[in-house]
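Chemist: The following block contains the structure, expressed as C-alpha cells.
The values are calculated or read from the model by the stated rules, or taken from the named source; none is laboratory data. Bear in mind that the values here come from a model prediction, so they are computed numbers and not experimental data. Glycine gets a Cβ as well: all are built from the backbone with ideal geometry, and neighbour counts include every protein chain shown. Quick note on the areas: whole protein, heavy atoms, side chains included, nothing else; ligands and nucleic acids left out. Shrake-Rupley method; radii C 1.70, N 1.55, O 1.52, S 1.80 Å.
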Amino acid sequence: MKSPRAFRTAELSEELARRGHEVIVCTVQGKYDYTEYEKQTGVTMCGMKPRFATLANDGTRRRNLFDRAMFKLFEHLLFWPWCEFHFLVGKVIKENPGADLLITIAYPHSIHSGAARAKRRNPDMFPKRWIADCGDPFMLNPMMKFPGYMKRFEEMWCQECDFITVPTEGSRKGYYEQFQDKIRVIPQGFEFSKTPVAQYRKNEVPTFLFTGRVYPGERDPDWFMDYLLKYDKPYRFIMMMLEPLEEKYPTQSGGRIEYVIGKGRGDVILECSKADFLINMTNPSTIQTPSKLIDYGISRRPVLDVDNDFRDDTAFREFMAGDYHRQHVIESLDSYRIENVTGRFLDLAEQAGGGK
C-alpha cells in the first residue's frame, strides 16, 4: 500500500541494506510475494500475523460482520484493531534477539507501546538501541481524540525508547514536555534517482494538480472545489489520490476537474513536474506537515497553499496568470535525500549505544 509510513520504511531499510547492514523488516505482509524484492534489495521480510488487525501491505483487508461490529464499537475506546500490535511486537523481538538497533515506525503507535512492553518483560533479548519514529502524534494529535487512559501507554514507550524521531520541527508540540529532550527531527527521505521529472513546458490550458489524502473538516478541499465549479475561465485540475471524491466535481465542472486513482509515487511526481503549479491543502495544525511537499519540491513546480475555508482567491488568480510570487517555498531538498536521512538515524544509534 502507498502511504508516507510505507515510503519511510521502504526507503530507510533499503538504504541501510545498501550500506551493508543486515536489515529485517517486520510487517503484515498479506499475500504479496517478497522473494524478488529481497533479492533486489538485500532486505529480509518478516511477516506478522495478527488475528484482528488484518489490513496488510498488499491492500487486502478482512471485513466480515465481526470485524465491522468490533471496529464500530471499539475503534475509539480500545484503538481497535491496532491495539493488537501492543501484544505482537514482543514475539518479533524474541525471534530476533540481541539486535543492534530497533526502529519502530508508527502509525499505529501500538507498535511503540508493544516494543516498550517487550523491553520491560525481556530486557536481555531487547535490541541495544531503540528509535521510535512517529509520522503523526498520538495523544496530542488535534485531528484525533483518544481516551485519557491511553496516555500511560504513550508515556511508557516515550520513557523506554532512546530517541523519538519526528519529521518536522513543528511536530515537537505533539509530544509531552517531559520527553522533549529525546526528540530529534529527521525528515522523510527518498532516493531521488527513482523519481525522474519532466522538462516543464507551459500547458495550453492552465493545469494544476493535487496529490495526497484529504480529511473532512481538517485537510478539506470542498470549499476550493466548489469555487472551481463557478470559476469562469478554462483550467484543468488533476487530483491524484487513492480514492476518488464526490463524482459531482468532474461532472459539474465539465471535465475540468478529473480524478487519477492509484498511481505509484514515481508516476505522481512525474505528473507533478508537468503541471503549471501544485495545490497544497494546508493542515489547521502546525504539528503535522504533509509529506507530499517533498514530492512537490522534487518536481520543481510552484506550490499554492489553499486553506480549508477558501475565501480569498487573490493568490489563485495570480497563479493562473503565471505570477508565483506567493508560492510556498520548499527549501533544503538535500535534507530529504535518503543517504542523509539514513546517516542521521545511524548517528542516533551510535549516540544511544555506540558500536556497529
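Chemist: Identify the residue in segment 34-72 that is part of a helix (DSSP H, G or I) and in contact with a Phe, Trp or Tyr (Cβ under 8 Å, 6 or more places away or on another chain) and, among all such residues, is surrounded by the most Cβ atoms within 10 Å (Cβ to Cβ).
Modeler: It comes out as ASP67.
Chemist: Output the residue which, of all residues in segment 157-174 that are within 22 Å of PHE126 (Cβ to Cβ) and among the β-branched types (Val, Ile, Thr), is surrounded by the most Cβ atoms within 10 Å (Cβ to Cβ).
Modeler: Ranking the qualifying residues of segment 157-174, first place goes to THR165.
Chemist: Are any residues in segment 103-123 touching a residue at least 12 places away in the same chain (Cβ under 8 Å) and part of a loop (DSSP other than H, G, I, E, B), and if so, which ones?
Modeler: TYR107, PRO108, HIS109, ASN122
Chemist: Also, I was wondering about something else. Which numbered condition in (1) in contact (Cβ under 8 Å) with a residue 24 or more places away in the chain; (2) open to solvent by 40 Å² or more (accessible area, probe 1.4 Å); (3) part of a loop (DSSP other than H, G, I, E, B) is the only one that GLY20 fails?
Modeler: The single condition GLY20 does not satisfy is (1).
Chemist: Let me ask you something else. Scanning for something of a type in the set (A, V, I, L, M, F, W, C) and out of contact with any Asp or Glu (no Cβ under 9 Å at 6 or more places or on another chain), does segment 100-107 turn up at least one residue?
Modeler: yes
Chemist: Hand me the list of strands (runs of 3 or more DSSP E) wholly inside segment 175-277 holding 1 or more residues that are open to solvent by 50 Å² or more (accessible area, probe 1.4 Å).
Modeler: Strands (runs of 3 or more DSSP E) meeting the threshold: 183-185, 236-241, 257-261.
Chemist: Please determine, by comparing only the residues of segment 93-129 that are over 23 Å from the mean Cα position of the chain (by Cα) and under 16 Å from HIS21 (Cβ atoms), which one is most open to solvent (accessible area, probe 1.4 Å).
Modeler: So, considering only residues that are over 23 Å from the mean Cα position of the chain (by Cα) and under 16 Å from HIS21 (Cβ atoms), the one most open to solvent (accessible area, probe 1.4 Å) is LYS128.
Chemist: Considering segment 327-339 alone, what residues qualify as being surrounded by 15 or more Cβ atoms within 10 Å (Cβ to Cβ) and either of a type in the set (Val, Ile, Thr) or at pLDDT 95 or above (or both)?
Modeler: Selection gives GLN327, ILE330, ILE338.
Chemist: Starting from residues that are free of Cβ contacts under 8 Å to residues at least 24 places away in the same chain and within 23 Å of the chain's Cα centre (by Cα), keep the ones in segment 63-77 and report whichever is farthest from ARG121 (Cα to Cα).
Modeler: PHE71
Chemist: Now, a different point. Criterion first (in a loop (DSSP other than H, G, I, E, B) and either over 15 Å from LEU209 (Cα atoms) or touching a residue at least 24 places away in the same chain (Cβ under 8 Å) (or both)) does GLY322 satisfy it?
Modeler: yes
Chemist: Can you spot a residue in segment 315-326 that is under 19 Å from the mean Cα position of the chain (by Cα), closer than 30 Å to ASP232 by Cβ, open to solvent by less than 50 Å² (accessible area, probe 1.4 Å) and modelled with pLDDT of 95 or more?
Modeler: No; the residues of segment 315-326 include none that is under 19 Å from the mean Cα position of the chain (by Cα), closer than 30 Å to ASP232 by Cβ, open to solvent by less than 50 Å² (accessible area, probe 1.4 Å) and modelled with pLDDT of 95 or more.
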